[in-house]
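Reading through the structure tokens given below for one structure.
The values are calculated or read from the model by the stated rules, or taken from the named source; none is laboratory data. If you're wondering where the values come from, they're calculated on a predicted model, not measured in any experiment. In this analysis, Cβ positions are derived from the backbone assuming ideal geometry, glycine residues included, and neighbour counts consider all displayed protein chains. These accessible areas exclude ligands, DNA and RNA; they are computed on the full protein's heavy atoms, side chains included. Shrake-Rupley method; radii C 1.70, N 1.55, O 1.52, S 1.80 Å.
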Amino acid sequence: METAVTKLFKTEYPIVSGGMVWCSGWRLAAAVSSAGGLGLIGAGSMHPDTLAEHIAKTRAALAGTGKPFGVNVPLFYPEIETIIGLLIAEKVPVVFTSGGNPALYTARLKEHGITVAHVVASARFARKAETAGVDAIVAEGFEAGGHNGREEITTMALIPQVRQATRLPLLAAGGIATGRGMLAALALGADGIQMGTRFALSEESSAHAAFKNLCTTIGEGDTMLCLKKLSPVRLVRNEFYRRVAEAESNGASADELREILGARRSKRGIFEGDLTEGELEIGQVASLIRQVEPVEKIMRDIVAEFRTAVREVRQWEI
């Protein structure tokens with residue numbers, strides 16, 4: 001397969017793994033890159049020293065293959081200046097930024113030969129990212145797990161609007177976990193896909209086994225967007241979610257919600273496996289996933305299903 005995304009990132013397939021907190025460590029990044037996609041390390045849950053270790057381990061795992069990898073960096077990260085300096089010093093080939101203003105660091109990263117993509121939730125922010133000089137756009141619909149844009153635009157509505165707004169290489173994200181989903185995204189105007197949930201529930205994901213196993217059992221409607229007064233986030237309906245939902249329905253202030261949220265809530269849920277009081281971030285598409293599988297099989301199945309779907313579509317004569 002050759003698209004604007006594979007050309008830009010020098011990958012075999014136009015598939016990128018999302019840089020997810022507590023899931024996207026070096027094992028997942030290396031596995032996705034080895035299988036022909038672009039694996040991202042999720043810096044959002046890492047201190048600089050930890051990130052440096054994951055970069056080194058990813059490089060070691062990919063040594064001699066020529067396969068690329070990247071790092072996802074939330075721009076609201078408290079140690080962002082240190083992280084940006086580290087990415088430059090380590091000569092990380094690709095950086096995906098999310099949250100915040102891409103104009104703050106894009107030029108600096110590109111001056112050092114780093115390819116930059118930015119995650120957006122609307123066509124308006126896609127235009128701003130292009131003006132900031134990014135090389136690619138990730139348009140993420142609100143089906144996605146974890147933190148979402150306030151616009152609450154679905155992927156199917158978002159991708160065509162972003163495609164109209166920019167001619168940059170475009171990745172679709174949110175609610176995509178299959179080859180048929182990838183074909184749909186490309187038909188809407190994307191050049192590739194970024195998948196989070198499917199890879200979060202892979203064997204190589206660093207998420208806790210209890211979290212993965214729970215997410216393979218949830219059904220439609222078992223995830224909801226909440227904490228909108230802070231930063232909208234999609235969570236599994238557990239006891240923590242229910243307490244937040246009740247507080248929100250009672251008109252809780254942002255400060256009251258912060259008190260309920262507390263510290264390290266996502267680590268407690270995703271990484272440590274507290275299924276009752278943890279913050280369990282996962283996308284709506286989890287209800288399609290029923291097994292925890294190795295990345296190699298996931299990639300192989302997605303590509304095979306994509307090719308089958310393409311053949312089926314070609315039979316539709318109008």
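Computed values, structure above
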| quantity | calculated |
| --- | --- |
| Given (1) surrounded by fewer than 22 Cβ atoms within 10 Å (Cβ to Cβ); (2) assigned to a helix (DSSP H, G or I); (3) touching a residue at least 40 places away in the same chain (Cβ under 8 Å), number of the condition Glu248 does not satisfy | (3) |
| Qualifying positions in the range 261-318 - free of Cβ contacts under 8 Å to residues at least 24 places away in the same chain and either closer than 22 Å to Arg198 by Cβ or aromatic (Phe, Trp, Tyr) (or both) | Lys297, Glu312, Trp316 |
| Any chance Leu40 is open to solvent by less than 10 Å² (accessible area, probe 1.4 Å) and under 13 Å from the mean Cα position of the chain (by Cα) | yes |
| Selection within the range 189-229 - in a loop (DSSP other than H, G, I, E, B), over 29 Å from Ala165 (Cβ atoms) and out of contact with any Gly (no Cβ under 9 Å at 6 or more places or on another chain) | Leu201, Glu203, Thr216, Thr217, Ile218, Gly219, Glu220, Gly221, Asp222 |
| Flag for Glu140 being among the charged types (D, E, K, R), in contact (Cβ under 8 Å) with a residue 40 or more places away in the chain, open to solvent by 30 Å² or more (accessible area, probe 1.4 Å) and over 18 Å from Pro102 (Cβ atoms) | no |
| Selected residue [small (Gly, Ala, Ser), on the phi < 0 side of the Ramachandran plot, without any contact (Cβ under 8 Å) to a residue 60 or more places away in the chain and open to solvent by 40 Å² or more (accessible area, probe 1.4 Å)] from Ala89, Ala129, Ala117 | Ala89 |
| Single unsatisfied condition, Thr216 versus (1) surrounded by fewer than 22 Cβ atoms within 10 Å (Cβ to Cβ); (2) touching a strand residue (DSSP E or B) at 6+ places or on another chain (Cβ under 6 Å) | (2) |
| Residue in the range 252-261 that is outside any loop (DSSP other than H, G, I, E, B), among the small types (Gly, Ala, Ser) and open to solvent by less than 40 Å² (accessible area, probe 1.4 Å) present | yes |
| Which numbered condition Glu317 misses (of (1) surrounded by fewer than 21 Cβ atoms within 10 Å (Cβ to Cβ); (2) at pLDDT 95 or above) | (2) |
| Qualifying residue in the range 145-155 (condition: under 23 Å from Thr223 (Cβ atoms), more than 13 Å from the chain's Cα centre (by Cα) and without any contact (Cβ under 8 Å) to a residue 24 or more places away in the chain) | yes |
| Close pairs (8 angstrom Cβ cut-off, 6 or more residues apart or separate chains): more than 16 Å from Arg108 (Cα to Cα) in the range 65-84, open to solvent by 70 Å² or more (accessible area, probe 1.4 Å) and part of a helix (DSSP H, G or I) anywhere | Phe69/Arg59 |
| Tabulated pairs, the range 9-27, first open to solvent by 10 Å² or more (accessible area, probe 1.4 Å), second of a type in the set (Asp, Glu), C-beta under 9 angstrom, 6+ apart or interchain | Met20/Glu281; Val21/Glu281; Trp22/Glu272; Trp22/Glu281; Trp26/Glu53; Arg27/Glu203; Arg27/Glu204 |
| Residues satisfying the stated conditions in the range 171-189, i.e. surrounded by 23 or more Cβ atoms within 10 Å (Cβ to Cβ) and free of Cβ contacts under 8 Å to residues at least 60 places away in the same chain | Ala172, Ala185 |
